[in-house]
Amino acid sequence: MNLPNALTVGRIAITPLIAVLAFVGTWEWRLLAFVVYIAAAVSDYYDGALARRRNQITPLGQLLDPLADKLLLVGTVVPMFLLIGSGAAWSFWSPLAGIAAAVPGPVLVGDGIERFPFFTPIGLIGLPWWILAVIFGRELVMTIFRQVAARRGVIIAAIGPAKWKTGFQSTWVGATFFWFFAATIAEHYGWTSSAWRVFAHFNGIVGVLTMIGATGLTLYSLALYFHRFGYVLVGGSRMRAR
């Protein structure tokens with residue numbers, strides 16, 4: 001097994017650890033979850049770059065890399081939804097809308113469970129259910145689309161907006177996992193200073209904006225893929241995308 005494939009296998013192996021550590025209610029373990037996620041996200045970039053640079057692209061790597069990406073997505077976004085967005089009110093924008101918090105940190109919702117919404121200048125922002133539907137629906141559709149195209153001799157490579165989507169998505173997940181750690185340590189030590197409030201606002205703004213950006217680019221890139229390669233669904237592989 002070459003180094004790029006080893007990095008991919010390592011990313012698959014540590015994904016369950018990231019998901020589990022996010023639910024451990026101490027700041028040390030949540031810090032570890034953030035650090036391990038950053039390692040996984042960095043390996044996601046370097047395994048492909050190394051494979052291309054060393055000319056070590058293999059069928060195994062082409063099989064494992066998309067699998068690793070999807071497992072990491074599920075292993076991070078689902079815990080995010082459970083820790084941020086699930087609750088009694090499943091509203092379209094934010095299930096935690098209307099809940100007040102005097103100090104940045106975890107909040108208690110109606111079910112008595114702590115949640116970790118983003119603390120922003122306009123209030124608490126959670127993770128709406130439909131964003132998960134968009135993200136996972138897009139992955140399912142593109143997986144099927146690529147398989148159909150491959151059977152007809154067309155390889156659908158990643159396009160620019162899809163790469164930007166991945167960047168926004170990684171930043172959003174990173175900001176969220178860092179907030180799990182930061183909010184937990186703030187609660188543990190009773191942080192209430194104005195500096196802490198400013199940082200919480202900054203982290204919240206980054207998290208919300210990248211969440212919106214990732215969702216928008218998810219839809220845009222999907223539409224662009226169908227615009228460029230939709231011919232494979234109705235025509236033959238000899239037709240060329242513009």
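Remarks
- Computed on protein heavy atoms with a 1.4 Å probe, the accessible areas place ILE12, ILE84, ILE205 in the order ILE205, ILE12, ILE84, largest first.
- Over the chain, DSSP H runs of length four or greater, each weighted -39,500 (n - 2.57), average out per residue to a 222 nm ellipticity of -23500 deg cm²/dmol.
- When +1 charges are put on Lys and Arg Cβ atoms and -1 charges on Asp and Glu Cβ atoms, the dipole computed for the chain relative to its Cα centre reaches about 1320 debye.
- The separation of region 138-208 from region 1-45, counted between C-alpha centres, amounts to 14 Å.
- The chain, accessible surface, carbon-and-sulfur percent (1.4 angstrom probe): 69 percent
- Charge-dipole axis of the chain as Lys and Arg at +1 and Asp and Glu at -1 on Cβ define it, positive-most pick from HIS227, ILE135, ALA13: HIS227
- Heavy-atom accessible area ranking, 1.4 Å probe, most first, across VAL154, VAL20, VAL9: VAL20, VAL9, VAL154
- Relative contact order for the chain, counting Cα pairs under 8 Å that sit 6 or more residues apart, in percent: 22 percent
- Heavy-atom accessible surface of the chain, averaged per residue, reaches 51 Å², computed with a 1.4 Å probe.
- Between the entries (1) 15.2; (2) 14.5; (3) 20.1, the label attached to mean projected area of the Cα convex hull in nm² calculated for this structure is (2).
The values are calculated or read from the model by the stated rules, or taken from the named source; none is laboratory data. Not measured: the values here are computed from a predicted model. Every residue, glycine among them, receives a Cβ derived from its backbone with ideal geometry; neighbour counts consider all protein chains shown. Note: accessible area is taken over every heavy atom of the protein model, side chains too, but ligands, DNA and RNA are not part of it. Shrake-Rupley method; radii C 1.70, N 1.55, O 1.52, S 1.80 Å.
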